[in-house]
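Here the structure is laid out as structure tokens; the discussion comes afterwards.
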Amino acid sequence: MKGLRQLEAAVERDARWLRQFPDPVPPPGASERLVAALASHRRGSDRAIERIRPVGAIAAALLLGVGLLWQMPAERGRTVRDDPAAALRDWSAAVDDSTSQVDRLVTHAWLPADGDAEDADAALDDAIKSLDATLELGA
Amino acid sequence: MHFEDAVDEAALADLIERARRDDPGALAALIEAYGRRVYGFVYRLTGSRDASEDLMQTTFLRLVRMLPGYVHQGKFDAWLFRIAGNAVRDRARAATRRDRHFAHSNELASANRAARDNGDPHARAVSAEDGDRLQAALAELEPADREIVMLRHFSDLSFREIADLLNVPLGTALSRAHRALGRLRARLEPSE
């Protein structure tokens, strides 16, 4: 410890020796240019904040939406947050059901070419309602 | 502290608080108080006048950006010179990536040209020459050694604080400074 203090005192003495040399001086006008650069930076920041304010509002709304979806119970009352794997399985099951409904929808939608148009329209309406119901169940 | 532009602690705390509230006068006063020292520090590390003005700007721009998160506990010098040192290192790294010779481009006369603009012509010539010789000698040091010596010269920091700043033991900081100063004296004193 004593050695360290002695070394520190010696180095401090040596460091003072450097003061005999002139220190570099910034070029003329450097401080003024720096002040101007800082002012410009501040103005740029203010403008950037103004520009991103609407984007920020949209992003906040999206985040809120995602948050609500995250909280929304899936089929059988499970949420993604509670059990992501189970929620994924529920969703897959809902998609399987939906696929069969889509098949029905496509079948009826193509029927008018061969059959009665009014019956086909009614069947198409039924198919769409059925599909809607399935999709709502899976949401 | 041997710099006449230094401000006392109370005035500095006030300046920092006002600068935090985006008071342009406070920022100008901080530049007035620290600009020359930051410039001197980065110049002595890089040896380039143009790079030094850029680095001075970079340092103060980073300071302004980081000021809202800065908690003043009497260590403004440590914070400011850390920003300046990091700016120098970032620039050197970028220059290395570009495979350019950046550090010590030996623009030796340039920084001291400004010094020659003031005072007695003979004294100006002698002192500018001394500054150039010191810069040439500094260029031969290890960058880490050079940084320690220049931190002690331009900042208010003790060697203990410098060791903390650079995350090295005090003994390491002292031995590096001792070695560096010894080399500088050996290089510069015989011709005096």
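Annotation for segment B:176-192: no member residue is modelled with pLDDT of 90 or more and among the hydroxyl-bearing types (Ser, Thr, Tyr). When B:Arg37 is tested against (1) at pLDDT below 90; (2) basic (Lys, Arg); (3) open to solvent by less than 70 Å² (accessible area, probe 1.4 Å), only condition (1) is not met. Among the criteria (1) more than 11 Å from every other protein chain (Cβ to nearest Cβ); (2) crowded, with 22+ Cβ neighbours inside 10 Å; (3) hydrophobic (A, V, I, L, M, F, W, C), the one B:Leu63 does not fulfil is (1).
Selection within segment A:1-27: residues that are outside any helix (DSSP H, G or I) and within 7 Å of chain B (Cβ to nearest Cβ). The member of this set that is farthest from B:Phe159 (Cα to Cα) is A:Pro27. So which residues in segment B:172-186 are open to solvent by 10 Å² or more (accessible area, probe 1.4 Å) and more than 15 Å from B:Arg44 (Cβ to Cβ), if there are any at all? Hits for segment B:172-186 are B:Thr172, B:Ser175, B:Arg176, B:His178, B:Arg179, B:Gly182, B:Arg185, B:Ala186. Just to be sure before I move on: is B:Pro169 modelled with pLDDT of 90 or more, open to solvent by 40 Å² or more (accessible area, probe 1.4 Å) and under 30 Å from B:Val7 (Cβ atoms) in the structure I sent? Against the criterion (modelled with pLDDT of 90 or more, open to solvent by 40 Å² or more (accessible area, probe 1.4 Å) and under 30 Å from B:Val7 (Cβ atoms)), B:Pro169 does not qualify.
The values are calculated or read from the model by the stated rules, or taken from the named source; none is laboratory data. What you are looking at is a predicted structure, and each value in this text was computed from that prediction instead of being measured. Using ideal geometry, Cβ is built from the backbone for each residue, glycine included, and neighbour counts are taken over all protein chains shown. Please note that ligands, DNA and RNA were not included when accessible areas were found on the heavy atoms of the full protein model with its side chains. Shrake-Rupley method; radii C 1.70, N 1.55, O 1.52, S 1.80 Å.
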